[in-house]
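Student: Before I ask anything, let me first share the structure, which is written out below as structure tokens.
The values are calculated or read from the model by the stated rules, or taken from the named source; none is laboratory data. It should be emphasised that the depicted structure is a prediction, and the values quoted were computed from it without experimental measurement. Here Cβ is always computed from backbone atoms with ideal geometry, including for glycine, and neighbour counts include all displayed protein chains. Only protein heavy atoms, including side chains, enter the accessible area calculation; ligands, DNA and RNA are left aside. Shrake-Rupley method; radii C 1.70, N 1.55, O 1.52, S 1.80 Å.
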Amino acid sequence: MVNYLLLSLPMWALALVVGKLTHSSLPYNVWAVLWAAPMGLYLAARWIYFLVTLIWAILIEIVKAVRKRIARPD
């Protein structure tokens, strides 16, 4: 993530300079979208991976408990 931020710093500086020269916030807004979109997708993918892994682990524990209960009923 740090590398991603470091790579985006020159683009951010360029957007600020172009924004000052043109007296417009459009270059900065374009930079913000270009920066936020990949980061948002990356963070969403990590969150989805976490949820899928958590649900998978819970289902495995449930299946283990059910099999154990069926194999040795009280």
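Student: Karplus couplings for region 38-45 from phi (6.51 cos²θ - 1.76 cosθ + 1.60, θ = phi - 60°), rounded to Hz, Gly and Pro as x?
Tutor: Computed from phi, the couplings for region 38-45 are x, 5, x, 5, 4, 5, 5, 5 Hz.
Student: Keeping all protein chains in place, calculate the accessible area per residue for the chain (probe 1.4 angstrom), answer in Å². Intermediate values should be presented prior to the final figure.
Tutor: On the way: 6570 Å² over 74 residues.
Using a 1.4 Å probe on heavy atoms only, each residue of the chain averages 89 Å².
Student: Using label points projected 7 Å from each Cα along Cα→Cβ, tell me how many nm separate LEU43 and MET11, to one decimal.
Tutor: Placing both labels 7 Å beyond Cα along the Cβ direction yields 1.6 nm.
Student: Based on the Cβ-Cβ distance from VAL52 to VAL2, what FRET efficiency comes out when R0 is 35 Å, to the nearest 0.05?
Tutor: 0.85
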